[in-house]
Structures are given as C-alpha cells and as structure tokens.
Amino acid sequence: MSKITNQNHNLETTLRIAIENFQVKDPSEMSWKSKCSFNTEKKTFMVPFMRKDFCVSYPSGEIDFCNNSEEVPIIWKILMLHYLVRATGTPLTGNSISYKELPGGDIYFNPFKKRTILPFLKIFGTNPRKLLEITESIGGVVSNMGDYSVTINVLPRIPITYVLWEGDDEFPPNATVLFDETAKEYLHTEDFAFVASLTVYEMAKMF
C-alpha cells in the first residue's frame, strides 16, 4: 500500500503505486465502501472532493475534473486513489479524535500542527465569525465544539471538524482539528496531514 510520507518525495512514484493498488480492486466493492458512485457503462467513479466533482477512470486510474479541463493536482489524485482503495465501508460513529489518536499520529503531530492547525489559527483566530460565514460555501455544517467550529465532509466518509476558541486577556486564541474515530479505515495517518491542510488552504481562498 502506498503512503505519502516525509521520506517519499517522489509523488510520481507514489501516484504510480496508488494506481497499481487501485487497478487490482473490485470497482463495485470500492464504490459502496467509499460511498462514491460508479458508472458501469463508462467505467468511471464520481468522487466529490474539496467541493468539486472528479471523474476517476477504472482501471487506468486517470483522474479529471468532471466539469472542466483544468489539471488535477497530483497530491489530490493520490489522496482520492488512496481513499478509494483503503475505504472499508465502516459506518461513521460521530465520536471525534485528534490527530495524535490516529495510528502513529503522535509521531507526525508536530508537522501536522505546523501544516494545518497553525495556518488555520492564523487565518481565523482573530476573526472566528468568518469561519461560520464561509461554512456553507465550503460545504460544511456548524458544529457545537469550542467557541466556533465547522465540520466539512472533504470526502464522502471523511468528515473533518475545525475548532476555534476565542482568546481573552489571559490566553491567546487556540484551535484544533478533529476526525471521526473511523478515520483510519479510510486514509493513512500521513494522508490526513495533507487532506486537512488542503482544506485549510481552500478556506483561505474564501477569506
């Protein structure tokens, strides 16, 4: 199984391995487990990711935007293929866990914090209400955690909750990012560092 790791900077190789893993999986099984529809005539998955729809051809693993001809970033392709291949179909529980609680998450937490939590805090820490204002635009729903929070389904079975606490005279603003406890059934821990930070980047474009 391919992973996106700090030791593997060759994204082309990672993509190739992801495609090879994708090609040996049964498409109907991947479809129901990932909750991504599969058109048996066109042999194409429709994957909703980052508020956009992508067409993933089987068995080639080629990925295109369904509605335009823009180039799909390679890291997005890898994440979508990893999701389709790894998905187990385990129902979400609604119980939240931190990145540290993912397998090996404590090892990767500092890079995750720098890549995801700190940028999120920098964008919304001094203007937390803006997070609620863009909730609908990013396909999220308001959550009840912290002082401000939203949950975004970045992939059909991968909700990510972004939580903010307002600062006061004694403490600066603080933030965290949470996942459903079934997260490990859908992506590698390293993948979550990428997908969570990419979502923050998408938020920043709306700010």
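No lab work stands behind these numbers, since they all come straight from the coordinates. None of the values given here were measured: they were computed from a predicted structure. A quick note on method: Cβ atoms are made from the backbone with ideal geometry, for glycine too, and the neighbour counts reach across all protein chains shown.
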Projected-area average for segment 11-86 over all orientations - Cα convex hull basis, square nanometres: 4.6 nm²
Most to least packed among 157-167, 109-119 [average Cβ atoms within 10 Å]: 157-167, 109-119
Fewest-first sequence of Ile63, Ile123 by Cβ atoms within 10 Å of each Cβ: Ile123, Ile63
Pairwise label distance in nanometres, Cys66 with Thr40, each label 7 Å out on the Cα-Cβ vector: 1.9 nm
Linear extension gain, Glu170 paired with Val141, 0.36 nm per residue minus alpha-carbon span: 7.4 nm
Segment 96-204 - Debye-derived log10 I(q)/I(0), Cα point model, q = 0.11, 0.21, 0.22 Å⁻¹: -0.30, -1.13, -1.24
Largest-first ellipsoid semi-axes for the chain, taking √(5λ) over the Cα gyration tensor eigenvalues, angstrom: 30, 18, 16
Cα convex hull of segment 45-126, projected area averaged across orientations, nm²: 7.8 nm²
